[in-house]
Amino acid sequence: MEPVRIHIPNDLMEPAEMQVFSGEALLGEVQMNGDAYAFDEPCAWQVEMTNTGGALLVRGSATATGTCACARCLEDAHVQLAGDIEGYLIISPEGEDDDLEGDEFDMLPEDHVVDIAPFIVQGLMLDAPVQPLCKEDCKGLCPQCGSDLNEGACRCAPSDAFEDEANPFSVLKGMSFD
C-alpha cells in the first residue's frame, strides 16, 4: 500500500476552519477481515478536515473494487466497496503531547504531513463482506471430492448424512417433531 500524504496548510490550524481533499490511492494488496483483497485499480477518496479546536476531524468516503477468493468456491470474487472515513488527528501544542503518547490517538506530525491511507483502508474494511462471494447463488465446492458445483454436479454418490452412524445428528432421523 502506497502512502497517501496530505500537507495540512496553516489555515487549517485555526479552530472551526475546514478544507476538502480528494484523490486516488494505490492500495495494492490489503488484508481485510481475514481475506486478502487485491486492488488493481486506484481507490477514489475524498475527505473533509475540520479543526475542532485541539484536533482535526477527518470525515469522508472511499470507493474501490477489490478482488479476493470466494468464500464458497475459491474463485475470484470482485467486491465493490464504499467505506466511510472517520478519524481524529490530535493537534498538540509543543511540549504537551507527552500525556497522549500512550493513548490510541493519532497525532498530527510536526511537519503537518499526514498519511491518510490507514483511514482509507479502515473505512473500506468496515464495508468488506464477512463472506465475499463470486456470485450470490454460488454453490461452492463438493465437501467430498472438492469439485466446483457451479460447473455442474460432481460424480460423488449422493449420501444421506443422517444414515451415517458417525453423524451425531443421525439419532434425529426417526424422531417426529410434530
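The values are calculated or read from the model by the stated rules, or taken from the named source; none is laboratory data. A quick note: this is a predicted structure, and the numbers were derived from the prediction, not measured. All Cβ positions, glycine included, derive from the backbone under ideal geometry; neighbour counts span all protein chains shown. These area figures cover heavy atoms from the full protein model, side chains too; ligands, DNA and RNA do not enter into them. Shrake-Rupley method; radii C 1.70, N 1.55, O 1.52, S 1.80 Å.
Quick notes
- In region 1-23, the residues that are in contact (Cβ under 8 Å) with a residue 40 or more places away in the chain and of a type in the set (V, I, T) reach residues that are open to solvent by less than 60 Å² (accessible area, probe 1.4 Å) and not in a loop (DSSP other than H, G, I, E, B) with C-beta atoms within less than 6 angstrom, at least six apart or across chains, in these pairs: V4/A25; V4/A117; I6/F21; I6/V114.
- Qualifying residue in region 1-17 (condition: in a strand (DSSP E or B) and surrounded by fewer than 13 Cβ atoms within 10 Å (Cβ to Cβ)): yes
- Checking T67, T50 one by one, the residue that is surrounded by 15 or more Cβ atoms within 10 Å (Cβ to Cβ), under 27 Å from F105 (Cβ atoms) and of a type in the set (V, I, T) is T50 and no other.
- Residues satisfying the stated conditions in region 106-124, i.e. hydrophobic (A, V, I, L, M, F, W, C) and either open to solvent by 70 Å² or more (accessible area, probe 1.4 Å) or part of a loop (DSSP other than H, G, I, E, B) (or both): L108, I116
- Scanning region 126-143 for residues that are touching a residue at least 24 places away in the same chain (Cβ under 8 Å) and open to solvent by less than 70 Å² (accessible area, probe 1.4 Å) yields D127, A128, P129, P132, L133, C134, C138, G140, L141.
- One residue from C134, C154 being at pLDDT 95 or above and in a loop (DSSP other than H, G, I, E, B): C134
- Filter result for the condition that a residue is among the aliphatic types (A, V, I, L, M) and under 23 Å from the mean Cα position of the chain (by Cα), over A55, A16, A36: A36
- Yes/no for L74 being open to solvent by 10 Å² or more (accessible area, probe 1.4 Å) and of a type outside the set (F, W, Y): yes
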